[in-house]
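Engineer: Mind looking over this structure? Questions follow.
The values are calculated or read from the model by the stated rules, or taken from the named source; none is laboratory data. Remember, it's a predicted structure, so these values are computed and weren't measured experimentally. Cβ placement follows ideal geometry from the backbone for every residue including glycine, while neighbour counts extend to all protein chains displayed.
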Amino acid sequence: MPIPIFVYIHAASYLVPTIAGLKRFPKSSRAIRILAVLCVLACINVGAQLFLAMRKEKNYFISDYYRVVETSLLCAVFYFSVVSQKLRNLLVGMGIVFALIWAVDVLWFNTHDQMSNGMAMISRITVLLMSFIALQAAMKDEFLPLAERSIFWVGIGAAIYSSGTLLLLGLSHYLLQLGPDYFIAAWHINWALLIVANLFYTKGMLCKSRG
Amino acid sequence: MQVTGIGIAWILAIGSFALLASVIAYSVMMLHSHQRIGQLQRAKLDEVSRSEEKYRGLFDNSLAGMLKFRIDDWTILDSNAAVRAMLGCTTQEELQECLLRLPEPARDSIFASLTRDGIVEQYEIRTSRRSGETIYILFSARTVACDGSAQAVVIDVTERMRQMEKIQEQRALLDHAQDAILVIDTQGQVMYWNSGAEMMYGWTKEEVNGRRLDELLYASANSNCFEEAMEDIRQFKEWNGEHRHIRKDGREIIVDSRWKTVERGSNTEQTVMIVSSDVSEKKRLESQFIRAQKMESIALLTGGLAHDLQNVLAPIAMSAHLLKKRLSGKSSLAIMRAVEKSARSGIELVQSILTYGRGIIGERKHIQVGRMLVQVLDAVRHGQWQNVRIERKLKAKRWPVSGDSNQLKQVFRNLCVNALESMPQGGLLTVESSDVVLEGDRLDEAPNAETSHYVLVSVSDAGVGIPHEDLDKIFEPFFTTKERTGGTGLGLSVAYGIVKSHGGFIKVESAMGSGTTFHVYLPAVSEKSD
């Protein structure tokens, strides 16, 4: 089966936040710098996956390893965006719990020959919760309009992508059983939401405010 | 099975959509809500900003220097242009240097006040501008709650301080002046009284402040002088002249006063500045000098006249004496005796005048005045005086004087007789002698003094006294108040001439109705000399 054109479009969308992040890197806050690094790694991840897909080789293991990197870095982004020490501790705790679950999964359950739906779902839930925590914290800062704050756009991007793909990725086995069309449709939705998330990340990176 | 699969797909799709929609809705709501809060907040911020701008304008444009600094290390956090200009600085760093140049005691004191009371008010500091020029500032500060800083207002009071220093210098100069300098208001109330005035009148500043000048310095009989001077001041703005003032101790002094009105600033209110010099001593010396000159002139005139008269009378007396022997008739002899007697009386009179004018250079010996006075009083006592008591306060051993015993006896006889004659109804005659040393101002009382050691003989009576206006004339020849009793008016002139020829002088004190005292000062001599 040929690779759908939307895969390339979605892959290209990673370049947008990456370029924006690298360009504003010196002036950016620590959170945005980490996000820029995440975008660079996402580019590498997508590139590697495409490369393997084009060679008809299995690329699930890349997603498995990238997942922990993505979740941890987003955890770091949100950590540096909130001020409250309690929320920071909560975010760190969530990150550690996720890392432990991931480690258990990788060491004992994951065979890397197919997609790890459970871990995908857990990572989306973790990111979704972390983004809500960060957004709630951002809400409390009344001195700067929310739309001018990086963390708002980054949080919204992460939340939209995570919420939109939570069920699709978690239950993709069932979709695969329904037939490839359903599966491919679900992945298109995933890619579309990734593009949306990347655009939101880009907007977050271009915010003048460092918060 | 297929239906179940499609159902799951739908559930997945709807679930995902619902989740996504929830997230989007949450985001939109959050954005909207925050925007509303943000608008309110922004409005508040705008208000704060406007207020800040307003107060920043006040701060920046204030003519008073303002600054904010950390209390513990005096680090300036903010400053306005006025304080920088005041201290000659262009930047805050330069101002920081100037602030650290404040004297350490001042900084310590301000620090203590701010930490203890949270406020320091109008602390006067002498410091320097950046250029090194001295500046006086008034420093007031209040701590800002919680942040360890203080806001200060700094006012340049250099000009005021210089004026105050100038005023103080002038005040010190006025206080150093010998003259009495005082300021009164138009009602005559004392507003300023310098140290010279304190010394001249004996009243201190505190005692005179607010009191009326006429009550202080003018005797009731003299108060019209004050009113006249004030009237002149109202009309002509100034007055110059002499006044008799009464000191705190009751002594009268004569002052030469210059009065001038002074405008008080821009007010129409006026004050009168009075500068007075004590001329009592000068007046006394002047009067003494004039009297001496007058006596000299009279002595010269009468001396010349007496000499000529003696030349006229001597041949008459001599001729009368010779003719007496040739005449045989009783009546002719009587006439010639009368001529001779009159001529000899005339000669005695003339010699008295000569004694006054030139004195008589007789035989000078050391005399104990006390003993001599005893003899004089014994002789005087035998006169026909009614109800007279004579009191002697004499000591046998006093400093001796050098003089002609007969002449000095004549002096004291004249004085005693005069004293007794002034008490026709009787009274007390006191004769007292003492040794005195004239020092300082008292030495000025002795004209042409060659020594400061004198024997003082005081002859006092309880008679009618001599009118004040006659005191200057009593030593003039032929001046007498006893025309009716046949006084020649030469007794005191002769006494004056004799005492003067002995290097002494006579002073008189008299009060009408109380009596008169003649003080005869004769220069004392050492017993070893001559």
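Engineer: For residues in segment B:253-306 being basic (Lys, Arg) and outside any helix (DSSP H, G or I), which is surrounded by the fewest Cβ atoms within 10 Å (Cβ to Cβ)? Give the derivation first.
Structural biologist: To start, the set of residues in segment B:253-306 that are basic (Lys, Arg) comprises B:258, B:260, B:264, B:282-284, B:291, B:294.
Checking which are outside any helix (DSSP H, G or I) leaves us with B:258, B:260, B:264.
On the way: B:Arg258: 15, B:Lys260: 14, B:Arg264: 12.
Ranking the candidates gives B:Arg264 first.
Engineer: Here is a check on your reading of the model: is B:Leu20 of a type in the set (A, V, I, L, M, F, W, C), over 22 Å from B:Gly118 (Cβ atoms) and at the interface with another protein chain (Cβ under 8 Å from one of its Cβ atoms)? So that I can check it myself, show each step before the final result.
Structural biologist: Numbers: of a type in the set (A, V, I, L, M, F, W, C): yes; over 22 Å from B:Gly118 (Cβ atoms): yes; at the interface with another protein chain (Cβ under 8 Å from one of its Cβ atoms): yes.
In short, yes.
Engineer: Next question. For the structure I just gave you, tell me whether A:Met139 is more than 14 Å from chain B (Cβ to nearest Cβ), aliphatic (A, V, I, L, M) and at negative phi. Show your work before the answer.
Structural biologist: Numbers: more than 14 Å from chain B (Cβ to nearest Cβ): no; aliphatic (A, V, I, L, M): yes; at negative phi: yes.
Criteria not met by A:Met139.
Engineer: Of all residues being under 18 Å from A:Gln136 (Cβ atoms) and more than 7 Å from chain A (Cβ to nearest Cβ) in segment B:23-40, which is nearest to the chain's Cα centre (by Cα)? Just the residue, please. Please lay out each step first, then the result.
Structural biologist: If we filter segment B:23-40 for residues that are under 18 Å from A:Gln136 (Cβ atoms), which is where we start, we get B:23-38.
Cutting the leftovers down to more than 7 Å from chain A (Cβ to nearest Cβ) gives us B:25-26, B:28-29, B:32-33, B:36.
On the way: B:Ala25: 99, B:Tyr26: 97, B:Val28: 95, B:Met29: 93, B:His32: 90, B:Ser33: 88, B:Arg36: 84 Å.
Of everything passing the filter in segment B:23-40, B:Arg36 is nearest to the chain's Cα centre (by Cα).
Engineer: Since B:Lys248 meets every condition but one in (1) surrounded by 15 or more Cβ atoms within 10 Å (Cβ to Cβ); (2) farther than 14 Å from B:Asp185 by Cα, which condition does it not meet?
Structural biologist: That leaves (1) as the condition not met.
Engineer: Also: Please determine, by comparing only the residues of segment B:193-226 that are outside any helix (DSSP H, G or I) and touching a residue at least 24 places away in the same chain (Cβ under 8 Å), which one is farthest from B:Gly250 (Cα to Cα).
Structural biologist: First, the residues of segment B:193-226 that are outside any helix (DSSP H, G or I): B:193-194, B:202-204, B:209-212, B:218-219.
Checking the rest, the ones that are also touching a residue at least 24 places away in the same chain (Cβ under 8 Å) come to B:202-203, B:212, B:218-219.
Working: B:Gly202: 10, B:Trp203: 11, B:Arg212: 17, B:Tyr218: 11, B:Ala219: 10 Å.
Step by step, filter segment B:193-226, then rank; the result is B:Arg212.
Engineer: Here's something else I'd like to know. Within segment A:180-211, track down each residue that is at the interface with chain B (Cβ under 8 Å from one of its Cβ atoms) and more than 17 Å from A:Ala12 (Cα to Cα). First the steps, then the outcome.
Structural biologist: The first filter runs over segment A:180-211 and keeps only residues at the interface with chain B (Cβ under 8 Å from one of its Cβ atoms), leaving A:182, A:186, A:189, A:193.
A:Tyr182, A:Ala186, listed by residue number.
Engineer: Moving on to the next point. Tell me which residues, restricted to segment A:56-83, are assigned to a loop (DSSP other than H, G, I, E, B) and either at pLDDT 85 or above or hydrophobic (A, V, I, L, M, F, W, C) (or both).
Structural biologist: Residues of segment A:56-83 that are assigned to a loop (DSSP other than H, G, I, E, B), as a first pass: A:56-59, A:82-83.
Within segment A:56-83, A:Val82, A:Val83 meet the criteria.
Engineer: To continue, here is another question. For residues in segment A:24-35 being in contact with a Leu (Cβ under 9 Å, 6 or more places away or on another chain) and modelled with pLDDT under 90, which is farthest from A:Gly47 (Cα to Cα)? Reasoning before the result, please.
Structural biologist: Just the residues of segment A:24-35 that are in contact with a Leu (Cβ under 9 Å, 6 or more places away or on another chain), to begin with: A:24, A:28, A:34-35.
From what's left, modelled with pLDDT under 90: A:24, A:28.
On the way: A:Arg24: 23, A:Ser28: 26 Å.
Across segment A:24-35, the extreme among qualifying residues is A:Ser28.
Engineer: Within segment A:144-163, work out how many residues are more than 12 Å from the chain's Cα centre (by Cα), within 11 Å of chain B (Cβ to nearest Cβ) and either within 18 Å of A:Leu129 (Cβ to Cβ) or in a helix (DSSP H, G or I) (or both). Spell out the reasoning first.
Structural biologist: Step one: list which residues in segment A:144-163 are more than 12 Å from the chain's Cα centre (by Cα), which gives A:144-153.
Retained after the next criterion (residues that are within 11 Å of chain B (Cβ to nearest Cβ)): A:144-149, A:152-153.
Narrowing the set further to residues that are either within 18 Å of A:Leu129 (Cβ to Cβ) or in a helix (DSSP H, G or I) (or both) leaves A:146-148, A:152-153.
Residues flagged as more than 12 Å from the chain's Cα centre (by Cα), within 11 Å of chain B (Cβ to nearest Cβ) and either within 18 Å of A:Leu129 (Cβ to Cβ) or in a helix (DSSP H, G or I) (or both) within segment A:144-163 amount to 5.
Engineer: When you scan segment B:284-333, how many residues do you find that are over 25 Å from B:Ile498 (Cβ atoms) and among the small types (Gly, Ala, Ser)?
Structural biologist: Selection size over segment B:284-333: 6.
Engineer: Sticking with this structure for a sec: Please name all residue pairs, on different chains or six or more residues apart, with Cβ atoms under 9 Å, provided the first residue is in segment B:1-12 and is within 9 Å of chain A (Cβ to nearest Cβ) and loosely packed, with under 10 Cβ neighbours inside 10 Å and the second residue is assigned to a helix (DSSP H, G or I) and at pLDDT 70 or above.
Structural biologist: B:Gln2/A:Leu178
Engineer: Also, quick follow-up: Among the numbered criteria (1) facing chain A (nearest Cβ under 10 Å); (2) modelled with pLDDT of 80 or more; (3) farther than 25 Å from A:Leu128 by Cβ, which one does B:Cys89 miss?
Structural biologist: All conditions pass for B:Cys89, except number (1).
Engineer: For the list (1) outside any helix (DSSP H, G or I); (2) more than 9 Å from chain B (Cβ to nearest Cβ), I need the number of the one condition that A:Met130 fails.
Structural biologist: (1) is the only condition that A:Met130 fails.
Engineer: While we're on this one: Just the residues that are aliphatic (A, V, I, L, M), surrounded by fewer than 19 Cβ atoms within 10 Å (Cβ to Cβ) and over 13 Å from the mean Cα position of the chain (by Cα), please, taken from segment A:63-86.
Structural biologist: A:Val83
Engineer: Now, a different point. With the checklist (1) at pLDDT below 85; (2) among the polar types (S, T, N, Q); (3) part of a helix (DSSP H, G or I) in hand, flag the one item A:Thr111 doesn't pass.
Structural biologist: (3)
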